[in-house]
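For reference, the structure is listed below as structure tokens.
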Amino acid sequence: MRPVRDRLREARWSVIVPVLVYLALALTGASYSSIGIDQLREKPGEPSGVMLGTPLSERSDEWATSTPGLLRVMTTGSTDDLNPLTADEQFLNQLPSGPVSTVVLLDRWALQLGPWLPDHVLYSATLWLPMLLLTLSVPAWFRRITASSRVGWFAVALLVLSPLAAWWSFGPIATLGPLFVGCTALMKAQAAAVDRRTVPAIVWGALSTLFLARTLYAYPPWSVVLDTAVLATTVAFLLVPRVGRGRTIAVVGATGVATVAAIGAVVLENRATLTVLAETVYPGLRRSDGTPSALPEIFAAPVLGVLSDHPVIAASNASETSASFGVTLVWVAILAAAAWRPAPREHRVAIFVLGAMTAVWFAWSTLALGSLASSIPLLNQVPQARAADVVGMLGVLLLCLVLPLLPDLGARRAAVASALATGATTAYAGSLLRLASIPTLTLTEIYVSSTVVALAVLAITLRPRRPYGYVVAVAGAALLVWNVNPILFGLADLRGSAAADQLLEDAPTIRDDGGLWASDAYAVDSLLASSGVPSLSGRQLAGPERDAWTELAPDADESIWNRGGAFVWFQWQDKPGIAMENPGPDVILVRASPCTLAERVPALRTIVSARDLDMQCLEEVRRFDWGGASRIVYDIKDGS
């Protein structure tokens with residue numbers, strides 16, 4: 001037998017360690033969710049469970065939308081939506097709606113095992129999966145192209161630790177993880193085909209198909225940018241070598257056809273939802289308006305540690321202000337003029353293709369295009385600000401393709417120029433951000449951040465195969481975001497609190513009887529959704545169920561309720577009738593008497609109110625505490 005030391009040395013730690021970490025996080029129920037926020041606590045001053053750090057109120061897309069949706073599936077054992085006002089929402093909730101999407105979203109299908117498996121484990125496993133996919137696939141993708149997985153790990157660090165990822169609850173990682181698994185599997189399928197190993201080629205091709213088809217479910221304004229660039233780079237890299245080109249074309253073509261077929265099948269399964277979404281005033285009919293992004297939206301990431309102090313931000317919030325490391329674009333531009341080491345032609349082609357795609361999206365983000373922007377297919381689905389969000393991630397990938405080609409101590413001028421240019425760009429972007437949005441951003445923060453950027457760039461460019469510069473860069477990135485998201489063990493008060501337990505007990509009967517609830521507080525809406533209680537209030541992601549809205553408010557302007565990605569809020573009033581408005585593009589506010597609402601929607605049986613209501617149709621049932629306030633539960637009297 002070989003010595004244990006030799007076996008350990010040969011072990012694939014780059015796979016074993018991420019998988020073990022993932023399992024540890026899942027089994028302990030750890031997550032970065034903000035559902036521990038005060039609004040979702042029974043007693044905010046006495047939070048239950050263990051939570052390290054502070055939850056983010058800005059991340060309502062997570063704690064008021066995606067997480068309650070996932071918990072609803074675990075509670076009911078079904079992906080069906082529970083609001084009759086809304087169109088089917090499986091697609092936008094990334095839930096299977098048919099046989100093909102079940103295979104593509106197999107992990108999401110497993111959420112329906114919630115009635116038999118621990119909710120906190122299922123939830124944690126779902127939340128961390130994109131991160132695991134990213135750490136397994138990105139180093140392998142770079143190893144195939146550059147013969148170095150180290151730059152792949154550097155890319156993983158800069159992607160995960162970018163302010164954009166942290167302040168958007170790692171939403172961009174949910175796009176990148178499946179994308180890179182699909183592209184890496186395609187590389188492995190090609191290699192197997194060239195070696196005439198048919199079965200492995202088929203298996204890897206099938207895996208690539210599933211994960212590339214899964215990218216359809218990602219947030220479109222980001223996924224269009226990232227998918228087009230990374231996939232084009234991968235395919236170009238594979239097609240360049242002459243050896244085995246015929247087999248390469250066959251496997252890439254077959255995988256492409258299979259992917260298109262899978263995507264087509266998913267679209268067919270969700271065609272009703274997609275049709276409704278496309279016809280909504282927002283976001284379906286929204287088109288890019290040609291407005292260029294401000295420079296801080298691309299280059300200010302290194303100074304965004306200030307966001308952790310929760311400063312007042314002019315006309316925005318921390319999530320919208322966050323950015324990826326666009327300063328890498330300046331770095332790569334300088335390195336383009338440096339002397340590179342010899343490299344295989346396919347490596348250089350990959351750099352060229354990714355560079356060209358990055359240039360396209362950078363131009364889209366920064367140039368004023370006016371009415372032309374709305375007329376360019378595909379691109380007009382990507383608002384300039386959203387392209388600006390992730391173009392820095394393309395810069396990170398491009399940089400990591402270039403770094404292995406730099407000679408040690410052979411690019412002194414390029415190193416100095418890169419350091420000065422990136423430091424100056426960071427300082428300028430930070431100064432603009434201070435002037436326009438965050439006046440509390442200090443000059444010290446701006447110039448210290450700029451100096452750290454310059455030093456890290458100088459060290460990496462001078463000695464690209466030494467770890468020092470990379471350590472400085474990763475440590476600096478970590479300092480920007482280390483305390484942004486909390487670490488939560490369990491599901492906070494959405495499980496185990498008196499309010500949640502009572503609703504979880506009542507929910508099966510409510511569903512079986514066909515009853516509906518409604519509340520006047522979005523925090524209560526999250527609790528109802530998490531508990532599997534059918535409710536008129538909550539989220540309308542895909543768009544409206546037209547007949548239901550017409551019956552509810554026949555005289556209302558359709559543009560008010562014909563919206564996707566919206567919150568449906570109710571405000572109880574004493575006078576009869578129903579009035580509606582849009583306080584924001586993603587909010588449908590319904591002012592109504594519960595009695596009128598019950599007449600229009602006979603299935604309405606119960607409402608929850610933040611204040612006492614004295615109406616003939618209502619009978620108080622109980623009260624419970626939620627979000628720091630007493631909530632009053634009223635039943636609708638029969639015959640009222």
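The values are calculated or read from the model by the stated rules, or taken from the named source; none is laboratory data. Everything quoted here is computed from the prediction, not taken from an experiment. Here the Cβ is made from the backbone with ideal geometry for all residues, glycine too, and neighbour counts use every protein chain on show. Ligands, DNA and RNA are stripped out before the accessible areas are found, and what is left, the full protein with its side chains, is counted by its heavy atoms. Shrake-Rupley method; radii C 1.70, N 1.55, O 1.52, S 1.80 Å.
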Lone unmet requirement of (1) in contact with a helix residue (DSSP H, G or I) (Cβ under 8 Å, 6 or more places away or on another chain); (2) open to solvent by less than 50 Å² (accessible area, probe 1.4 Å) for Pro311 = (1)
State whether the residues of region 169-177 include one that is among the aromatic types (Phe, Trp, Tyr) and outside any helix (DSSP H, G or I).
-> yes
Odd one out for Ser66 among (1) among the polar types (S, T, N, Q); (2) closer than 29 Å to Val568 by Cβ; (3) assigned to a helix (DSSP H, G or I); (4) in contact with a helix residue (DSSP H, G or I) (Cβ under 8 Å, 6 or more places away or on another chain) = (4)
Among (1) in contact (Cβ under 8 Å) with a residue 24 or more places away in the chain; (2) within 19 Å of Arg12 (Cα to Cα); (3) in a helix (DSSP H, G or I); (4) open to solvent by 10 Å² or more (accessible area, probe 1.4 Å), which single condition is Ser148 missing?
-> (3)
Note on region 179-227: residues in contact (Cβ under 8 Å) with a residue 24 or more places away in the chain and hydroxyl-bearing (Ser, Thr, Tyr) are Thr184, Ser208, Thr209, Thr215, Tyr217, Tyr219, Ser223
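Here's the yes/no breakdown for (1) without any contact (Cβ under 8 Å) to a residue 60 or more places away in the chain; (2) farther than 30 Å from Thr228 by Cβ; (3) touching a strand residue (DSSP E or B) at 6+ places or on another chain (Cβ under 7 Å):
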residue: Val349; (1), (2), (3): no, no, no
residue: Leu372; (1), (2), (3): no, no, no
residue: Pro377; (1), (2), (3): yes, no, no
residue: Asp389; (1), (2), (3): no, no, no
residue: Leu406; (1), (2), (3): no, no, no
residue: Leu443; (1), (2), (3): yes, yes, no
residue: Val448; (1), (2), (3): yes, yes, no
Restricting attention to region 484-505, which residues are part of a helix (DSSP H, G or I), open to solvent by less than 20 Å² (accessible area, probe 1.4 Å) and more than 12 Å from Ile35 (Cβ to Cβ)?
-> Ala499, Leu503
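Per-residue answers, yes or no, for (1) modelled with pLDDT under 95; (2) open to solvent by 10 Å² or more (accessible area, probe 1.4 Å); (3) in a loop (DSSP other than H, G, I, E, B); (4) aliphatic (A, V, I, L, M):
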{"residue": "Ala368", "(1), (2), (3), (4)": "yes, yes, yes, yes"}
{"residue": "Ser374", "(1), (2), (3), (4)": "yes, yes, no, no"}
{"residue": "Pro377", "(1), (2), (3), (4)": "yes, yes, yes, no"}
{"residue": "Asn380", "(1), (2), (3), (4)": "yes, yes, no, no"}
{"residue": "Val390", "(1), (2), (3), (4)": "no, no, no, yes"}
{"residue": "Asp408", "(1), (2), (3), (4)": "yes, yes, yes, no"}
Mind checking whether some residue in region 44-57 is over 18 Å from Ala125 (Cα atoms), in contact (Cβ under 8 Å) with a residue 24 or more places away in the chain and assigned to a helix (DSSP H, G or I)?
-> no
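Hand me the list of strands (runs of 3 or more DSSP E) wholly inside region 516-619 holding 2 or more residues that are open to solvent by 60 Å² or more (accessible area, probe 1.4 Å). Don't jump to the end; show me each part of the working.
Numbers: elements: 516-519, 538-540, 566-572, 578-581, 587-592, 604-609.
Where strands (runs of 3 or more DSSP E) fall fully within region 516-619 and carry at least 2 residues being open to solvent by 60 Å² or more (accessible area, probe 1.4 Å), they are 566-572.
Does Asp81 meet the test of being open to solvent by 30 Å² or more (accessible area, probe 1.4 Å) and in contact (Cβ under 8 Å) with a residue 40 or more places away in the chain?
The answer is no for Asp81.
How many residues, within region 236-261, are in contact (Cβ under 8 Å) with a residue 40 or more places away in the chain, part of a helix (DSSP H, G or I), within 24 Å of Ile351 (Cβ to Cβ) and of a type outside the set (S, T, N, Q)? Let's see the steps before the verdict.
Here is the first cut: in region 236-261, the residues in contact (Cβ under 8 Å) with a residue 40 or more places away in the chain are 236-238, 240-241, 243-244, 247-248, 250-252, 254-255, 258-259.
Right, trim to part of a helix (DSSP H, G or I) and you get 236-238, 247-248, 250-252, 254-255, 258-259.
Adding the requirement that they be within 24 Å of Ile351 (Cβ to Cβ) leaves 236-238, 248, 251-252, 255.
After this cut, where a residue has to be of a type outside the set (S, T, N, Q) as well, the list is 236-238, 251-252.
The qualifying residues number 5.
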Could you list all residues from region 450-473 that are under 13 Å from Ala301 (Cα atoms) and either open to solvent by 40 Å² or more (accessible area, probe 1.4 Å) or within 27 Å of the chain's Cα centre (by Cα) (or both)?
-> Val452, Val453, Ala473
